[in-house]
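The values are calculated or read from the model by the stated rules, or taken from the named source; none is laboratory data. As the structure is a prediction and not an experimental result, all values here were calculated from the model. Methodologically, a virtual Cβ is constructed for each residue, glycine included, from the backbone with ideal geometry; neighbour enumeration extends over all protein chains shown.
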Amino acid sequence: MNFDLILKNATLPDGQTGVDIACADGLIVAVERGIHAEAKEIIDAEGQLVSPPFIDPHFHMDATLSLGTPRMNVSGTLLEGIALWGELKPVQSVEDIIERAMRYCDLAISMGIGAIRSHVDICDDALKGVEALLDVRKQVAPYLDLQLVAFPQDGVFRDPTAKENLMRSLDMGVDVVGGIPHFERTMQDGADSVKFLCEIAAERGLMVDMHCDESDDPLSRHVETLANETRRLGLEGRVTGSHLTSMHSMDNYYVSKLIPLMAEAELRVIPNPLINIMLQGRHDTYPKRRGQTRVPELKAAGITVGFGSDCVMDPWYSLGKADMLDVAHMGLHVGQLSSRADMAWCFEAVTTNSAKIMGLKGYGLEKGCKANMVLLQASNTIEAIRLRPNRLAVIREGVVISRTSPNHPKLFMENRPDTLNPADYAPNSSDT
């Protein structure tokens, strides 16, 4: 058989070493030791980690890279970010959104991201964001899977034309039904919006992904309604609650009831560690709440949890570089996921778990999966989170689409305390 690509001597995320991966016609056709064959390209992984692509299950591509336009978020709060975005929407063009989104996609691809779920604001009668991101989705399809969520940023009931715009955007080809119940005018309106939006998804056979309870208010409990509507409508496995930051502040007894309800509904959960800890707790003095939802408890209940990045250089977050390992690194620390098993799980939260949330087909490193993968300058998944290393090669359908040179090799070794040699880290003129 003629192979397009063979990766030799790879370490896999599950710890297998010395593995060869052969690719042909866009698929992985063999994963085994000692593949001796010709190929259009052969890459020696030299024992380093080969992973399926990173997945970002929660992002806002219509706003990305807009930092400072028309002004900065001075308070750093979620609500000022929403207000600032409201100022930007009328003055930006479809072309502006496309240009920024394409720049971001180039960066994301180079960082090993293979799929992004982006919410797109439909509270704009011109639907500029929808038009732009549908165009971007088509342009980047050979390199990146882009899934779009119809997101009523100003509330599907609160905004006077949001319901009509939501239907229009879904008719135009947006993939997922979104919502923001905690931003509706009342708790009851929020609960009613969850019911309304889930019914639309059920009628159209679509997935649901709602910004849910992105608040410090422990009485913001729309995720309970989301779980109930999921079961009532038979949407199990198709519904995601994003953020869920209010769970950080909820009474423990109530959470002991809530998490089993979420598990029964097979609800998916997407915390966004970088943004959640930046935006939440802004009204606190000390101690300050960090806002990330109860990841260890959700994980222990068997709920699928995937970490999202949410924002990069936009009205809500002025940092970021499309690195899902930064996201995993922060999620690990804030969630105190410090055991070796938990740290390895954090790598799954930005790969396999998030691929499951998005419903990606053919994802993974098994025979028959799509030949999409990333070669990292790390020896295992925990080291990858620790170092956030270079992506030496990004592969799409068996073809290398991005390469990065190795960093200083001494700094990227999995050293043990008994083998460290301080002389190896002494300043040296050759390191300048």
Checked segment 107-125 for anything over 13 Å from the mean Cα position of the chain (by Cα) and either farther than 30 Å from Ser405 by Cβ or acidic (Asp, Glu) (or both); matches are Val120, Asp121, Ile122, Cys123, Asp124, Asp125
Of (1) in contact (Cβ under 8 Å) with a residue 40 or more places away in the chain; (2) of a type in the set (S, T, N, Q); (3) more than 26 Å from Asn390 (Cα to Cα), Ser110 satisfies every one except (3)
Across (1) crowded, with 19+ Cβ neighbours inside 10 Å; (2) without any contact (Cβ under 8 Å) to a residue 60 or more places away in the chain; (3) not aliphatic (A, V, I, L, M), Asp135 clears everything bar (1)
Output for Cβ contacts, cut-off 7 Å, separation at least six or different chains, first residue farther than 19 Å from Arg100 by Cα and in contact (Cβ under 8 Å) with a residue 24 or more places away in the chain in segment 52-64, second part of a loop (DSSP other than H, G, I, E, B) and β-branched (Val, Ile, Thr), reads Pro52/Thr351; Phe54/Val350; Phe54/Thr351; Ile55/Val350; Ile55/Thr351
The residue that is farthest from Ser354 (Cα to Cα), considering only those in segment 301-326 that are out of contact with any Gly (no Cβ under 7 Å at 6 or more places or on another chain) and among the hydrophobic types (A, V, I, L, M, F, W, C), is Leu319
**OP:** May I ask you to verify whether Leu49 is aliphatic (A, V, I, L, M) and either free of Cβ contacts under 8 Å to residues at least 24 places away in the same chain or surrounded by fewer than 22 Cβ atoms within 10 Å (Cβ to Cβ) (or both)?
**Re:** no
Exactly one of Glu236, Glu266 is surrounded by 15 or more Cβ atoms within 10 Å (Cβ to Cβ), of a type in the set (Asp, Glu) and out of contact with any Cys (no Cβ under 6 Å at 6 or more places or on another chain), and that one is Glu266
query: Within segment 160-170, is even one residue out of contact with any His (no Cβ under 6 Å at 6 or more places or on another chain), of a type in the set (Asp, Glu) and farther than 29 Å from Asp135 by Cα?
result: no
Inside segment 332-352, the number of residues satisfying the requirement of being under 8 Å from Gly306 (Cβ atoms) and in contact (Cβ under 8 Å) with a residue 60 or more places away in the chain is 1
Val400 meets each of (1) assigned by TED's automatic domain parsing to the domain that holds Ala45; (2) part of a helix (DSSP H, G or I) with one exception, condition (2)
Within segment 254-301, residues over 25 Å from Glu229 (Cβ atoms) and of a type in the set (Ser, Thr, Tyr) come out as Thr285, Tyr286
Matching residues in segment 318-337 (of a type outside the set (A, V, I, L, M, F, W, C), in contact with a Pro (Cβ under 8 Å, 6 or more places away or on another chain) and crowded, with 21+ Cβ neighbours inside 10 Å) number 2
Restrict the check to segment 210-229 and report whether at least one residue is at pLDDT 95 or above, in contact with a Lys or Arg (Cβ under 9 Å, 6 or more places away or on another chain) and at positive phi.
-> yes
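Okay, residues lined up against (1) modelled with pLDDT under 95; (2) surrounded by fewer than 23 Cβ atoms within 10 Å (Cβ to Cβ); (3) in contact with a Cys (Cβ under 8 Å, 6 or more places away or on another chain):
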position: Ile55; (1), (2), (3): no, no, no
position: Phe59; (1), (2), (3): no, no, yes
position: Asp62; (1), (2), (3): no, no, no
position: Leu65; (1), (2), (3): no, yes, no
position: Arg71; (1), (2), (3): no, yes, no
position: Leu88; (1), (2), (3): no, yes, no
position: Ser93; (1), (2), (3): no, yes, no
position: Asp96; (1), (2), (3): no, yes, no
position: Ala101; (1), (2), (3): no, no, no
Among Thr69, Thr11, the single one that is of a type in the set (S, T, N, Q) and assigned by TED's automatic domain parsing to the domain that holds Gln147 is Thr69
